[in-house]
Amino acid sequence: MYRFTLPRDLYHGEDALSSLKNLSGKKAVVVVGGGSMKRFGFLDKAVDYLKEAGMEVKLIEGVEPDPSVETVMKGAAVMREFEPDWIVAMGGGSPIDAAKAMWVFYEYPNTTFEEIITPFSFPTLRTKAKFCAIPSTSGTATEVTAFSVITDYAKGIKYPLADFNITPDVAIVDPALAETMPAKLTAHTGMDAMTHAIEAYVSTLNCEYTDPLALHAIEMIHDNLKKSYEGDMACRDKMHDAQCLAGMAFSNALLGIVHSMAHKTGAAFTGGHIIHGCANAMYLPKVIKYNSKDPVAAERYAKIAKFINLKGETTEELVDALIAELRSMNDQLNIPQGIKNYGPGGVKADESIIDEKEFLEKLPEVAKNAIADACTGSNPRQPNQEEMEKLLKACYYDTEIDF
């Protein structure tokens, strides 16, 4: 038996943000990030719509990129004091992910973070509040997913929290918010969405309900990401829908080891963060080559290649064409092909911010953590320690996969 879960309501298209005035409740807390939603006027609009709905509103501002356990606990404490019946999270993946985790500790103050790390182990939510998510970036699709990624900086590990309980009740996908993204963020979030769709399509939990969403998202991203990166706002709007479709697919089919590796390398090194979407873009071609040793996965990658009109006579040729196309997209988006060329902010550089010696020293532990990641179980091939270390080294040096 499979399960397919989405938000109860999804508002999309022009002026979708105004649907906030239709929510019913007494109090709403709005969780936002670093300030772009305020600068561009969207936060004020959201607050006004909620007040029009008759609600008292409180803000939780300043959620950092890659939100921490500490940020989650502080936000939950604010919620417990204010007692909202709606949690509204708006911005990139970080404030929405943080708000999802805050929701758990608001409703269950005695729960510990360690208790919810195990996938699908959350207590029953909606005893105090419902959840509305409004994305401003076109990548994470956390507005429609059962996932949240929270970072434990003390351990240097990103934890993907997973439970259908944290699928939002309402998602508002308004393209106007995404039009504020700078080019680099457009590139990284776009390749994150591409990775979501491809991993969902080859996941061992793919099904008839997730496949069409994944394939259509792949086609839309392939057709629109480069132009969106270059500032075409019609394509930017298409990308906002595409990433949401990819999210619907992967929230139900789950992901694979591209995400396992991205989660466990993201905060592992002292030189700085490896931005999640950029990590996915670098790792995806290598993982496709590794997974293509599995014949079922190979056929699925080949079908993707055909779907976006790539050339090849055999399955192997089509898989290689897909890999080449993804690498070409990275080049067009100024994304490095390997960690050795990962510069500040995730752009190409001659010298990486991730020290080679530190990378090699931490390799066994990072590989072990990646294997244990929640996303590994639905990958087409299950890597052992040696294979995961080889994969990670290939992602550092941008070398070929032949195992």
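The values are calculated or read from the model by the stated rules, or taken from the named source; none is laboratory data. What you see is a predicted model; the values in this text were computed from it and never measured. Note: ideal-geometry Cβ built from the backbone for every residue, glycine included; neighbour counts use all protein chains shown. Protein only, heavy atoms only, side chains kept; ligands, DNA and RNA dropped before computing areas. Shrake-Rupley method; radii C 1.70, N 1.55, O 1.52, S 1.80 Å.
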(Q) Looking at the stretch 57-70, can you tell me whether even one residue there is over 23 Å from His240 (Cα atoms), β-branched (Val, Ile, Thr) and touching a residue at least 40 places away in the same chain (Cβ under 8 Å)? (A) yes
Q: Check off (1) open to solvent by less than 40 Å² (accessible area, probe 1.4 Å); (2) farther than 23 Å from Tyr159 by Cα; (3) assigned to a helix (DSSP H, G or I) for Pro84 and give me the number that stays unchecked.
A: (3)
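Counting only residues that are assigned to a loop (DSSP other than H, G, I, E, B) and over 20 Å from the mean Cα position of the chain (by Cα), how many does the stretch 4-22 have?
Within the stretch 4-22, residues that are assigned to a loop (DSSP other than H, G, I, E, B) and over 20 Å from the mean Cα position of the chain (by Cα) number 4.
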Q: State yes or no: is Glu389 over 28 Å from Val296 (Cα atoms), modelled with pLDDT of 95 or more and in a helix (DSSP H, G or I)?
A: no
Q. Just checking, how many residues over the stretch 183-196 are among the aliphatic types (A, V, I, L, M) and either open to solvent by 10 Å² or more (accessible area, probe 1.4 Å) or closer than 16 Å to Ala302 by Cβ (or both)?
A. 2
Q | Subset of the stretch 149-172 that is of a type in the set (Ser, Thr, Tyr) and open to solvent by less than 10 Å² (accessible area, probe 1.4 Å) - its residue that is modelled with the lowest pLDDT | A | Thr151
Q) Out of all the residues in the stretch 102-113, is one or more open to solvent by 50 Å² or more (accessible area, probe 1.4 Å) and either of a type in the set (Lys, Arg) or in contact (Cβ under 8 Å) with a residue 24 or more places away in the chain (or both)? A) yes
Q) In the stretch 346-386, which residue that is in a helix (DSSP H, G or I) and in contact with a Ser or Thr (Cβ under 7 Å, 6 or more places away or on another chain) is surrounded by the fewest Cβ atoms within 10 Å (Cβ to Cβ)? A) Glu358
Q. Quick check: anything in the stretch 325-332 in contact (Cβ under 8 Å) with a residue 24 or more places away in the chain, surrounded by 17 or more Cβ atoms within 10 Å (Cβ to Cβ) and touching a strand residue (DSSP E or B) at 6+ places or on another chain (Cβ under 6 Å)?
A. no
Q. Any chance the stretch 105-128 includes a residue that's modelled with pLDDT under 95, part of a helix (DSSP H, G or I) and acidic (Asp, Glu)?
A. yes
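Conditions tested, residue by residue: (1) among the basic types (Lys, Arg); (2) under 15 Å from Gly266 (Cα atoms); (3) more than 24 Å from the chain's Cα centre (by Cα).
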residue: Gln332; (1), (2), (3): no, no, no
residue: Asp350; (1), (2), (3): no, no, yes
residue: Ala370; (1), (2), (3): no, yes, no
residue: Pro380; (1), (2), (3): no, no, no
**Q.** Residue among Asp48, Asp44, Asp66 that alone is on the phi > 0 side of the Ramachandran plot and either crowded, with 16+ Cβ neighbours inside 10 Å or part of a helix (DSSP H, G or I) (or both)
**A.** Asp66
Q: Check the stretch 201-211 and report whether any residue there is surrounded by 24 or more Cβ atoms within 10 Å (Cβ to Cβ) and under 13 Å from Ile304 (Cα atoms).
A: yes
